[in-house]
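Student: One structure is given below, represented as structure tokens, and several questions about it will come after.
What follows draws every value from the coordinates through simple rules; no lab data is involved. All values derive from a computational prediction rather than experimental measurement. Reconstructed Cβ throughout: ideal geometry from the backbone, glycine too, with neighbour counts over all protein chains shown.
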Amino acid sequence: MALDHDSVIPIASDADVVIARQLARAMAARLELSSTDQTLLATAISEVARNITTYAQRGEVQLSVIHDDGGRRGIRVIALDEGPGIENVELALRDGYSSGTGLGLGLPGARRLVDDFNIETAPGRGTKVTLVIWERNARVA
Amino acid sequence: MAVPILKQGPFLIATIQAALTDTDVLQLQDDVMAQVTRHRSRGIIVDVTALDVMDSFVSRSLQGIARMTRLRGATTVIVGIQPEVAFAMVQLGMAFEDVLTALDLEEGLALLTRPRKEAVDGGA
């Protein structure tokens, strides 16, 4: 199945945000992640993809199934844009801080929803946010 | 996709039927305010049973509907938040502390038809 490999969703409108989270949920369902984890993943994607349309206008969301050394599977989400970047990442990850019109829950909220969270950004250099949700029980590889 | 809003006596019932884009959510806010004004509604129920994601934007917009309609003297109840969605909302930091909620449409209507004082003070 195509979606069990990498999948790239261009993000340029609020409709694309919905498509990205629906594809991710379908991928998570195929990996048999719990419905709670599917929802956490879809919600986190909604937050980081909205950041793309709000601050960078366009970008993309990449979805992949990954494995760790123990054979445990997870879904990795990379939200990538070439927008203005974030000057103060520490501040952007603080609850309630927003440079836009939001509540400032986007990045800190997304971080709480997933297992692994990483952000690479610099002013003028775009933003790359990586999220991972792992399956809960290690599988025998 | 536009959210249909049904008038039921002194109440409005907005039933979300599919995933909402941010544009749809803003439209819903406008539509509810317009109809509350037109019909002088006393209560509004927003049924979110069909939503499998309530991110910070949707949550904030529904909270906005509740606050705006309260200023018009009407009470809004959000009904049908799915268990997984509730879990994600709390993680996200959207606990809806000042918004009335009920399990489903029936419970929401019961909340609205309670004596007025109780319904208004219920979530505050």
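Yes/no matrix, rows are residues, columns are (1) farther than 20 Å from A:Val18 by Cβ; (2) assigned to a helix (DSSP H, G or I):
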{"position": "A:Thr43", "(1), (2)": "no, yes"}
{"position": "A:Ser46", "(1), (2)": "no, yes"}
{"position": "A:Thr53", "(1), (2)": "no, yes"}
{"position": "A:Gln62", "(1), (2)": "no, no"}
{"position": "A:Ile66", "(1), (2)": "yes, no"}
{"position": "A:Asp69", "(1), (2)": "yes, no"}
{"position": "A:Gly74", "(1), (2)": "yes, no"}
{"position": "A:Val77", "(1), (2)": "no, no"}
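Student: Could you check how many residues of the range B:26-46 are of a type outside the set (Gly, Ala, Ser) and surrounded by 21 or more Cβ atoms within 10 Å (Cβ to Cβ)?
Tutor: 6
Student: It is to be established whether one or more residues within the range A:57-76 are free of Cβ contacts under 8 Å to residues at least 12 places away in the same chain, of a type outside the set (A, V, I, L, M, F, W, C) and surrounded by fewer than 16 Cβ atoms within 10 Å (Cβ to Cβ).
Tutor: So far as the range A:57-76 goes, yes, one or more of its residues are free of Cβ contacts under 8 Å to residues at least 12 places away in the same chain, of a type outside the set (A, V, I, L, M, F, W, C) and surrounded by fewer than 16 Cβ atoms within 10 Å (Cβ to Cβ).
Student: Count, please, the residues in the range B:62-115 that happen to be under 13 Å from B:Ile45 (Cβ atoms) and either within 10 Å of chain A (Cβ to nearest Cβ) or surrounded by 16 or more Cβ atoms within 10 Å (Cβ to Cβ) (or both).
Tutor: Number of matching residues: 21.
Student: Can you pull out every residue in the range A:46-68 that is more than 13 Å from chain B (Cβ to nearest Cβ) and more than 12 Å from the chain's Cα centre (by Cα)?
Tutor: If the condition is that a residue be more than 13 Å from chain B (Cβ to nearest Cβ) and more than 12 Å from the chain's Cα centre (by Cα), then A:Tyr55, A:Ala56, A:Gln57, A:Arg58, A:Gly59, A:Val65, A:Ile66, A:His67, A:Asp68 are the ones that fit.
Student: Could you list all residues from the range B:7-31 that are in contact with a strand residue (DSSP E or B) (Cβ under 8 Å, 6 or more places away or on another chain) and assigned to a helix (DSSP H, G or I)?
Tutor: B:Leu28, B:Asp31, listed by residue number.
Student: Filter the range B:19-61 down to residues that are charged (D, E, K, R) and touching a residue at least 60 places away in the same chain (Cβ under 8 Å) and give me whichever is farthest from the other protein chains (Cβ to nearest Cβ).
Tutor: Among residues in the range B:19-61 that are charged (D, E, K, R) and touching a residue at least 60 places away in the same chain (Cβ under 8 Å), the one farthest from the other protein chains (Cβ to nearest Cβ) is B:Arg42.
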